[in-house]
Amino acid sequence: MRTRAVHDVAVVGAGMVGAALALALAKDGFDVALVEPRPPAPWRESDEVDLRVVALAPSAIDLFRRLDVWTSIASARACAYRHMHVWDALAPGTLDFDANDLGAPNLGHIVENRLIQHVLWQALRDDARIALHCPASVAATESDERGRTLTLADGTLLAARLVVAADGAESALRRMLDITAQDRDYGQRAIVAHVATERPHENTAWQRFLPGSTLAFLPLADGRPLAAIPGLRGTWAPARRSSIVWSVPNTAAERLLTLDDATFCAELGAAFDFRLGLIGASTPRAVFPLRMRLAERYIAPRFALVGDAAHVVHPLAGQGVNLGLRDVSELCAALIEARAAKQDFASATVLRRYERRRRSDNALSAHAFDAIQRVFGSNAMPIAALRGFGLDVVNKLGPLKRAFALHAAGR
Ligand SMILES: Cc1cc2nc3c(=O)[nH]c(=O)nc-3n(C[C@H](O)[C@H](O)[C@H](O)COP(=O)(O)OP(=O)(O)OC[C@H]3O[C@@H](n4cnc5c(N)ncnc54)[C@H](O)[C@@H]3O)c2cc1C
């Protein structure tokens with residue numbers, strides 16, 4: 001057995017959520033250990049825009065500002081979107097959000113996952129309060145009345161007053177703690193690619209509901225001439241690239257993945273109702289299986305779950321990491337409150353406060369996305385008629401629309 005180090009908090013998993021949590025805790029004066037099996041792939045400006053991007057809500061950007069990482073992210077490569085347009089292939093209703101509805105300069109930013117992780121890791125590597133264990137993974141964990149011990153795969157023992165698992169959807173820690181999760185396989189996969197369109201993206205996040213599938217176009221900031229982008233050929237002007245997330249049933253995904261580029265672009269253009277004109281080119285496509293997974297509990301003695309380890313949601317509303325970053329803010333707030341009141345910050349009372357604040361919000365969001373996915377996935381005519389009616393009603397009722405926009409923004 002190797003040296004036993006004692007920390008305030010040990011965070012397991014340094015994806016976007018775990019890395020943000022470690023940094024937030026360190027900035028608030030906690031002594032942190034961070035365990036991660038592999039460092040993130042490096043990000044360089046000269047690299048092709050990474051296929052994985054997220055739509056960051058204003059609440060996520062507020063957190064990144066507090067962590068002093070937002071300027072680095074925004075100045076590297078991020079695309080602000082000011083509008084959101086949602087429409088349906090089977091019914092006439094539309095739903096439009098504009099940054100003005102929130103009195104904000106934008107509704108959020110589209111950013112590469114790899115860039116976010118790269119900037120967070122640079123910051124956490126510079127922070128003397130964070131002991132980074134990478135590559136490392138957890139083999140076992142035990143708790144006593146003062147804290148929790150982690151045994152790493154190489155035999156190192158880490159002791160902390162609190163352990164937080166941010167180790168993603170397949171969380172090994174969640175299983176070690178016997179925390180069950182409600183699980184629903186959507187029988188769908190998300191096809192992800194970057195595409196060039198004939199007309200500019202108008203800094204708009206577009207979403208179209210089709211029978212059994214949803215298609216999102218998210219604006220990208222790269223602005224590079226197509227000829228300079230490996231895999232993309234054509235003569236259209238820059239600033240016309242979008243990232244697509246096309247959630248389709250498994251069998252349809254298999255077919256779409258086998259299409260050659262020209263046929264894929266033609267089918268994609270038709271599915272998008274040619275809203276941005278023709279689709280000129282696409283990068284290679286990546287695919288992700290889709291499921292909803294909600295942990296039955298977020299806490300155990302001296303233990304808490306955050307991010308995808310606690311909740312996995314359908315990507316149609318682009319909220320997964322935004323919810324995870326709200327977990328980070330609430331957990332930090334609960335720990336700081338307790339420490340300021342000279343309480344044990346890892347006590348069951350404090351952890352329950354965190355669980356109460358986040359579990360219902362995450363479950364509500366997950367079930368709302370699930371319901372939207374079910375209603376809009378249906379071809380049945382009465383439902384199809386209702387859904388157009390629903391979009392129009394929300395669109396016309398100012399306060400309801402504002403409430404939707406505020407919730408999506410995390411306000
Ligand atoms: C197609 C698609 C589109 C999406 N679009 C959006 C969007 O627009 N907006 C949005 O908010 N969200 C979006 N999401 C969701 C978002 O990507 C996830 O919610 C987010 O990546 C979860 O981050 P995380 O840090 O919790 O987990 P992860 O990113 O999974 O990170 C987990 C980390 O834990 C590490 N780890 C794993 N096992 C162990 C272990 N045993 N011990 C230690 N460490 C371990 C991993 O190496 C990794 O670094 C999308 C998801 C998909 C599939």
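The values are calculated or read from the model by the stated rules, or taken from the named source; none is laboratory data. Given the structure is predicted, the values throughout are model-derived calculations rather than measurements. Heads up, the Cβs are rebuilt from the backbone with ideal geometry, glycines too, and the neighbour counts pull from every protein chain shown. Keep in mind that these areas ignore ligands, DNA and RNA; they rest on the heavy atoms of the full protein, side chains included. Shrake-Rupley method; radii C 1.70, N 1.55, O 1.52, S 1.80 Å.
Listed values, structure above:
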| item | result |
| --- | --- |
| Qualifying positions in the stretch 26-37 - assigned to a loop (DSSP other than H, G, I, E, B) and within 16 Å of the ligand (Cβ to nearest atom) | Glu36, Pro37 |
| Residue pairs meeting the criteria (Cβ under 6 Å; at least 6 apart or on separate chains; first closer than 17 Å to Val9 by Cβ, in the stretch 344-360; second in a loop (DSSP other than H, G, I, E, B) and modelled with pLDDT of 95 or more) | Ala346/Arg302; Glu355/Tyr298 |
| Every pair of residues 6+ apart whose Cβ atoms lie under 7 Å, when the first sits in the stretch 179-204 and is closer than 30 Å to Arg293 by Cα while the second is part of a loop (DSSP other than H, G, I, E, B) and hydroxyl-bearing (Ser, Thr, Tyr) | Ala193/Thr283; His194/Thr283 |
| Complete set of residues in the stretch 83-102 that are part of a strand (DSSP E or B) and out of contact with any Leu (no Cβ under 9 Å at 6 or more places or on another chain) | Asp96 |
| Failed item, numbered, when Ala19 is tested on (1) closer than 29 Å to Ala270 by Cα; (2) within 15 Å of the ligand (Cβ to nearest atom) | (1) |
| Flag for Asp185 being part of a strand (DSSP E or B), under 30 Å from Ala253 (Cβ atoms) and among the acidic types (Asp, Glu) | yes |
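Conditions tested, residue by residue: (1) of a type in the set (Ser, Thr, Tyr); (2) in contact with a His (Cβ under 8 Å, 6 or more places away or on another chain); (3) open to solvent by less than 20 Å² (accessible area, probe 1.4 Å).
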| residue | (1), (2), (3) |
| --- | --- |
| Ser143 | yes, no, no |
| Ala153 | no, no, no |
| Leu157 | no, no, no |
| Ser171 | yes, no, yes |
| Ala181 | no, no, no |
| His194 | no, no, yes |
| Arg199 | no, no, no |
| Thr204 | yes, yes, yes |
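Rundown of residues vs (1) over 14 Å from Arg77 (Cα atoms); (2) in a helix (DSSP H, G or I); (3) within 10 Å of the ligand (Cβ to nearest atom), yes/no style:
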residue: Ala10; (1), (2), (3): yes, no, no
residue: Ala24; (1), (2), (3): yes, yes, no
residue: Pro39; (1), (2), (3): yes, no, yes
residue: Pro42; (1), (2), (3): yes, no, no
residue: Leu51; (1), (2), (3): no, no, yes
residue: Ala60; (1), (2), (3): yes, yes, yes
residue: Leu63; (1), (2), (3): yes, yes, no
